[in-house]
Amino acid sequence: MNTQARPPAQRVTPEQLSGLALLGGMSAQRLRELADIAALERAARGSDPLAAHKGASHSVFLLRGEILLMYEGGGTLVVVGGMGDGCHALNRRAAKIARSKAISDLELLTVEDEALDILVTFDQVAAGDAASGSAMAQAVRGDARLVSGIFSLANLRHGIFARLPAARIEGMLARFERIGAKRGEVIIREGDEGDYYYVVESGRCQVERLVGGVKVALAELRSGEAFGEEALASEARRNATVIMATDGKLLRLGKQDFHEILGEPLLQRVSYREGLERVRRGAAWLDVRYPSEYRYDRLPGALNVPLNEVRNSYSVLDRAREYVVYCQSGRRSSAAAFLFAQNGFNVCLLEGGLWASGRGRQVA
C-alpha cells in the first residue's frame, strides 16, 4: 500500500472552510475560530490518504483533486474536491470505506468533530432563539465580539458553558436582559451583595478595588467579557467595584437564573469519602483558604491557592489533573470551583467543606 506520510500541518483560511457542508452559514468569526484548529494536508497521487485517519475524531474534507473511495461490501465513488460530494466529510459517510486512492495529487482539510459539533449546535440554537426576541441571542447574532468573547469556541469547549447541556442553551439565552449604562455609572460596588451576572455587550468597564484605603485599578473589561460571578457562586459580597469607563450596553442574568442555569451545572459536588477516593486515584486536594488556615489544618498533600489568587494560578496548575476544592464551610470553595470550572479545569467541590468532614475548626 502506497501511503504517504502526513506532512506538517499548514494554516487553513476561513475561505477554505466556508464552502464546506455545515459551515456555509457560519459567521466569519466562527470560521476564523475553526481555521485556527483545522489543518491542511497534501497527499500524492496513488496514495491511500484516508488510511491514516481511520478511527480518527476529526472529519476529513477534500479541497482539491480527485479521490476514489472503495466501500466495504463493494461499490466505489469518485469525489472531486470543492464540489458536490467533495463538500462533505469523506470519512463521515453511511457506508464504511475500506480504502481510498488518490487519482491526482490532493489537498485535504481536517477539523475536530467535537469542535465542529459544539459550534453548529450553539449557533443553530442561538439562531432559533433570535427569532423569539431574546436580547442575548440577538446580540450574539449581531456582534461578532460576543462570539469571540463569552461565546467563543474556547469557552464553549472548556469554559463557563462547557458543561451546560445543549437542551438548556435556548433557555439560558432567553433569560438575559439588556440594559444601557452611562460613563461613570457604578454597575457593582465592592462590599454589596451579588445580584446579577454581567456580560459586556458594548463599551468598556473599569474594575477597581480598595487596597489600604486607596482605589487600585485591576482590569478593563471589553465587549464579550463577563463579570460578577464570584459573589453569586459563593453567596459572598462583591470583592471589587465595576464602573463604566464609556457609555455602553450590558447583558445581565439574575441571581436565581444564574444558579439554575450556570452555577449548579458547573459545580460537581462530592462527599468527603468520595473526595478521598478521587485523591487516592490521582486527584489533588486544593485548599482555597488563607495560608494561615491552610497551615493549621490542611488535608494531607493539599495545595494552597487562596480564593483571591485563583485567577493568578491558571497558568501554574496542571490542567490535566483533577482537583478537589475545599475550604471550611464550602462557601469560598464554591466560588473557586466555579472560577476553575469556567476556565476549563477538571474540578469538584467538597460538599460542606471541612466542617462536613468533621475536620474544620475555623470560620469560613
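Quick rundown of the values:
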quantity	calculated
Cα long-axis angle, helix 28-37 against the chain (0 to 90 degrees, to the nearest 10)	80 degrees
Fully extended contour minus Cα-Cα distance, from Asp113 to Glu274, at 0.36 nm per residue	54.7 nm
Unsatisfied cross-links (Cα-Cα over 19 Å) in the set Lys54/Lys101; Lys182/Lys215; Lys182/Lys249	Lys182/Lys215
Around Phe176: net Lys/Arg minus Asp/Glu count, Cβ-Cβ under 9 Å	+1
Candidates Val78, Val140, Val324: whichever shows maximal mean-square fluctuation once the chain is modelled as a Gaussian network with Cα springs under 10 Å	Val78
Trypsin sites (Lys or Arg not before Pro) lying in DSSP loop within segment 36-137, provided at most 11 other Cβ fall within 10 Å	Lys54, Lys96
Over the chain, relative contact order from alpha-carbon pairs under 8 Å, at least 6 apart, %	13 percent
Environment charge of Gly46, counting only residues whose C-beta is closer than 13 Å and scoring Lys/Arg +1, Asp/Glu -1	0
Whole-Hz couplings from phi, Karplus 6.51/-1.76/1.60, listed for segment 239-246; x for Gly and Pro	9, 7, 9, 10, 10, 5, 8, 9
The chain: most fluctuating residue of Ala233, Ala283, Ala336 per GNM, C-alpha cutoff 10 Å	Ala283
Dipole in debye (nearest 20) - segment 269-321, about Cα centre, beta carbon charges: Lys, Arg +1; Asp, Glu -1	200 debye
Histogram of C-alpha separations across the chain, 20 Å bin width, %	25, 45, 26, 4
Rough spin-label spacing in nm, given labels placed 7 Å along Cα→Cβ, for Asp36 and Arg319	1.1 nm
Extension gain from Thr13 to Ala52, taking 0.36 nm per residue of separation minus the Cα-Cα distance	11.7 nm
In segment 265-364, trypsin sites (Lys or Arg not before Pro) in a DSSP loop with at most 15 other beta-carbon atoms within 10 Å	Arg281, Arg319, Arg321, Arg359, Arg361
Model label zone, Val214; criterion: amide N under 20 Å from point 7 Å along Cα-to-beta-carbon; scope segment 189-204	190
Approximate spin-label separation Asp105-Ser27, in nm, with each point projected 7 Å along Cα-to-Cβ	3.8 nm
Which of Cys348, Trp285, Ile261, positive extreme of dipole for segment 231-355 (C-beta unit charges)	Trp285
Added length on full extension, which subtracts the Cα-Cα distance from 0.36 nm per residue, Arg311 to Ala44	91.3 nm
Folded to 0 to 90 degrees: helix 113-130 orientation relative to the chain principal axis, Cα	70 degrees
Rounded accessible area of His158 (nearest 10 Å², 1.4 Å probe)	100 Å²
For segment 279-296, 3J(HN,Hα) per residue [Karplus equation, 6.51 cos²θ - 1.76 cosθ + 1.60, θ = phi - 60°, Hz, x = Gly/Pro]	5, 4, 8, x, 6, 10, 5, 10, 8, 9, 8, 5, x, 5, 6, 4, 5, 6
Volume of the Cα convex hull of segment 278-332, divided per residue and given in Å³	83 Å³
Partners for Lys255 among aspartates and glutamates (Cα-Cα distance below 20 Å; same-chain residues under 8 apart left out)	Glu170, Glu177, Glu190, Asp192, Glu193, Asp195, Glu201, Glu225, Glu229, Glu230, Glu235, Glu264
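The values are calculated or read from the model by the stated rules, or taken from the named source; none is laboratory data. Remember, it's a predicted structure, so these values are computed and weren't measured experimentally. With ideal geometry, Cβ positions are generated from the backbone for all residues, glycine too; neighbour counts draw on all protein chains shown. Keep in mind that these areas ignore ligands, DNA and RNA; they rest on the heavy atoms of the full protein, side chains included. Shrake-Rupley method; radii C 1.70, N 1.55, O 1.52, S 1.80 Å.
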